[in-house]
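Q: Dropping a structure here in structure tokens format, bear with me for questions.
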């Protein structure tokens, strides 16, 4: 891993060092190192609109010094590194350049891949690969209210338990008087997140309390909780919970297949057009 990091750092160094080494162009030159020139237009891009003299000194001077230092180090490296080392670096630079262009082209082409993933596709992949969707944490579907003791009423408790459309409207009308609430009980959430939000529910989020109404109290608040469903780590993740993951996996697989087919097509066409030839060994 350290070797890979070093290689990328060296490649970045060589690419940067080679910047602004073109044939001198028109424009005001503000610095030169050997045959490399830095122009005023290149530096102006770094400055904010309506920049001041202080901005110029603060931003431009360190940039020019840094630019010059890299040019000088590059020149020293060219003079002092062995030919074998320089040839190895040039090969890496060429390979890196090729990889960058190739990957950018493939990324451009993969934008043509249809990103629409139907529910049928998700369900099929889910059923065929269900073992990879085994849970490693507890999930729960629930609703809850955290209410200051002074704001609790029998009507509110009854509305929370029944939870009809009329009850939901009534609860919504009082929402500003609650300490916290979560009413979307069709969504799967992590049990640990609920316990973090409501410590009083620790050890009460389990299958024993499914479909039960819980009323808990401490010195300042009343907690109304209704657990609709619960899954522990021995269960499989619900398809709706892993839907974003399913979409990404299927999309990645679709892109991978597209690229594989594209690469084969490129090779085949190149052979047909005599752009790519294989020579038999003698």
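Q: Under a point spin-label approximation (7 Å from Cα along Cα-to-Cβ), what is the residue 235-residue 69 distance to one decimal in nm?
A: 5.8
Q: Rank 101, 51, 236 by mean-square fluctuation in a GNM of the chain with C-alpha springs under 10 angstrom and give only the top-ranked residue.
A: 51
Q: Identify the residues of the range 217-240 with backbone N under 17 Å of a label point that sits 7 angstrom from the Cα of residue 211 along the Cα-to-Cβ direction, or state none.
A: Under 17 Å, as judged by backbone N against the label point of residue 211, lie 226-231 of the range 217-240.
Q: Here's another thing I want to ask about it. Please give the helix 83-110 orientation as an angle from the longest Cα principal axis of the chain, in degrees from 0 to 90, rounded to the nearest 10.
A: 50
Q: Which whole-angstrom value gives the distance between the alpha carbon centres of the range 171-238 and the range 244-271?
A: Taking the Cα centre of each part, the range 171-238 and the range 244-271 sit 44 Å apart.
Q: Within the range 58-81, what residues put their amide N at less than 13 Å from the label point 7 Å along the Cα-to-Cβ vector of residue 30?
A: The answer is 58-68, whose backbone nitrogens lie closer than 13 Å to the label point.
Q: Still on this structure: Of the peptides 140-146, 31-37, 53-59, how do they stack up when ordered by the mean number of other Cβ atoms within 10 Å, highest first?
A: Values: 140-146: 22.7, 31-37: 15.4, 53-59: 11.4.
The peptides rank, most packed first, as 140-146, 31-37, 53-59.
Q: Can you pull the three principal axis extents for the Cα set of the range 91-158, in Å, largest first?
A: So the three principal-axis extents are 77, 33, 27 Å.
Q: Give me the angle, in degrees from 0 to 90, between the Cα long axis of helix 243-272 and the longest principal axis of the Cα atoms of the chain, rounded to the nearest 10.
A: Computed tilt is about 30 degrees.
Q: Please give the FRET efficiency for residue 277 paired with residue 82, using the beta carbon to beta carbon distance and R0 = 30 Å, rounded to the nearest 0.05. Don't jump to the answer; show the numbers that get you there.
A: On the way: r = 35 Å, r/R0 = 1.16.
Calculated transfer efficiency: 0.30.
Q: Now a separate question. From the gyration tensor of the Cα coordinates in the chain, what semi-axes in whole Å does the equivalent ellipsoid have, largest first, with each one equal to sqrt(5λ)? Intermediate values should be presented prior to the final figure.
A: Values: eigenvalues 742, 220, 69 Å².
Semi-axis lengths for the chain are 61, 33, 19 Å.
Q: Could you work out how far the C-alpha centroid of the range 51-67 sits from that of the range 113-168, in angstrom?
A: Comparing the Cα centres of the range 51-67 and the range 113-168, I get a distance of 55 Å.
Q: With r as the distance between the Cβ atoms of residue 197 and residue 102 and R0 = 51 Å, compute the FRET efficiency 1/(1 + (r/R0)^6) and round to 0.05. Each step should come with its number before you reach the end.
A: Working: r = 48 Å, r/R0 = 0.94.
It comes to 0.60.
Q: Now, a different point. Order these by the 10 Å Cβ neighbour count, fewest first: 131, 41, 185. Display every interim value, and only then the final one.
A: Working: 131 7, 41 12, 185 16.
Least crowded to most crowded, the residues run 131, 41, 185.
Q: Listed highest first by mean packing, meaning other Cβ atoms within 10 Å per residue, what order do 106-114, 70-78 come in?
A: On the way: 106-114: 11.1, 70-78: 15.2.
Order by mean packing, descending: 70-78, 106-114.
Q: In addition: In degrees between 0 and 90, to the nearest 10, how far off the longest principal axis of the chain does helix 2-17 point, with axes built from Cα atoms?
A: 50
All of the numbers you see were taken from the coordinates with simple rules; none came from a lab. Everything numeric in this text was worked out from a predicted model, so none of it was measured. Cβ coordinates were reconstructed from backbone atoms using ideal geometry, including for glycine residues, and neighbour counts include every protein chain displayed.
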